[in-house]
1. Could you list all residues from the stretch 123-163 that are more than 22 Å from residue 196 (Cβ to Cβ) and touching a strand residue (DSSP E or B) at 6+ places or on another chain (Cβ under 9 Å)?
2. Between 117, 105, 47, which is touching a Pro at 6+ places or on another chain (Cβ under 9 Å) and either touching a residue at least 24 places away in the same chain (Cβ under 8 Å) or within 16 Å of ligand 1 (Cβ to nearest atom) (or both)?
3. Within the stretch 204-258, take every residue that is more than 12 Å from ligand 1 (Cβ to nearest atom) and assigned to a loop (DSSP other than H, G, I, E, B) and give me the one that is nearest to residue 58 (Cα to Cα).
4. When both residues are 6+ apart or on different chains and their Cβ atoms are under 8 Å apart, which pairs have a first residue that lies in the stretch 131-159 and is under 22 Å from residue 32 (Cβ atoms), and a second that is more than 16 Å from ligand 1 (Cβ to nearest atom) and among the basic types (Lys, Arg)?
5. Which members of the stretch 161-185 meet the condition of being in contact (Cβ under 8 Å) with a residue 40 or more places away in the chain and more than 12 Å from ligand 1 (Cβ to nearest atom)?
6. Could you run through the stretch 146-158 and say how many residues are assigned to a loop (DSSP other than H, G, I, E, B) and aliphatic (A, V, I, L, M)?
7. Just checking, which of 166, 175, 182 is surrounded by fewer than 21 Cβ atoms within 10 Å (Cβ to Cβ), in contact with a strand residue (DSSP E or B) (Cβ under 8 Å, 6 or more places away or on another chain) and under 23 Å from residue 122 (Cβ atoms)?
8. Considering the stretch 222-270 alone, what residues qualify as being of a type in the set (Val, Ile, Thr) and open to solvent by less than 10 Å² (accessible area, probe 1.4 Å)?
Amino acid sequence: MDARLVLREAKKGFSRIEITNNLSVGDRQLLIIGGPCAVESAEQMKQVAHTLKHAPVGAIRGGVFKPRTSPYSFQGMKEEGLRILAEIRREFGIPVVAEAMSERQLAACEEHADMLQIGSRNMQNFELLKAAGRARKPVILKRGLSATIEEFLLAAEYIMSEGNERVILCERGIRSFDPFTRNVLDLGAVVALKNLTHLPVIVDPSHAAGKSELVADLALAAIACGADGIMIECHPQPNKSVSDARQALSLEEMCALVNKARPIAEARGRVIAAPKTHATERTISRSPTSVAEPFTAA
Ligand code: PEP
Ligand code: MN
């Protein structure tokens, strides 16, 4: 593989990526991101932030530029949605994530969000990757719908090679033959990636499963197998979601999931990262030397 910067060999240990000055992911920091598929209104996002800040989650998601399969489906609130995210971030002190599909959108997201997302459909949009490499915000790079692990890592290499070292990989399920689950969550890839790269690897079981009743167990399995975080779609009224309603958890289910995740995270030597203003970061009682370090370089 013609990669230099993303591989374990390039660096000592695992990268801990700073998202804001009081939140990071990777190494021992486990990041939980929750929020709706799409920003629909300020009211909706306030309900989300109000409940999830106590979960606690580390960051809030909400798509404003939506990559929809049909051009006639809701395309997102665009700039107005970004203004809502910025308001949430200010009012609640929680970092926000937004996806960009073009260089222009990337610049707008860089201005208002704490983390940028490049979605599955753009994993090999090389100009967008290079632009993200010049951005001054961390980037969540989602695995392409049918991208190999090598293609995924090389896409991250594009971002890093332009100077941005803050890349977070996100496994979100790959295409297969059975439509029962929307995609197939590839936890084998998570384990393989942790062997290959020092970058944090998070998992989105929502787009993988496509069904809300499958999401929590897959999220817990992801943490159990060594993921550095999870990204979950949830909504104040899941069945009213304008997009991806079938996979959305309720806010109560999301809070319950964070509680179930805690002991599993701790068993894997992780702490659930949350902005320190909420005084919610828990420290584990084990000494750092006994923290599970199960991965060996491939
Ligand atoms: C999303 O996270 O909103 C999204 C569109 O996901 P993906 O790119 O994985 O399909
Ligand atoms: Mn979605």
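The values are calculated or read from the model by the stated rules, or taken from the named source; none is laboratory data. Note that this is a predicted model, so its numbers are computed, not measured. For neighbour counting, all protein chains shown are included, and Cβ atoms are generated from backbone atoms with ideal geometry for every residue, glycine included. Side chains are part of the model used for accessible areas, which takes the heavy atoms of the whole protein and leaves out ligands, DNA and RNA. Shrake-Rupley method; radii C 1.70, N 1.55, O 1.52, S 1.80 Å.
1. Scanning the stretch 123-163 gives 125, 128, 135, 137.
2. Matching residue, one of 117, 105, 47: 47.
3. This residue is 228.
4. Note: pairs meeting the criteria are 137/166; 138/166; 139/166.
5. 161, 165, 166, 167, 168
6. Going through the stretch 146-158 one residue at a time, the tally reaches 1.
7. Result: 175 is the single residue among 166, 175, 182 that is surrounded by fewer than 21 Cβ atoms within 10 Å (Cβ to Cβ), in contact with a strand residue (DSSP E or B) (Cβ under 8 Å, 6 or more places away or on another chain) and under 23 Å from residue 122 (Cβ atoms).
8. 223, 230, 232, 258
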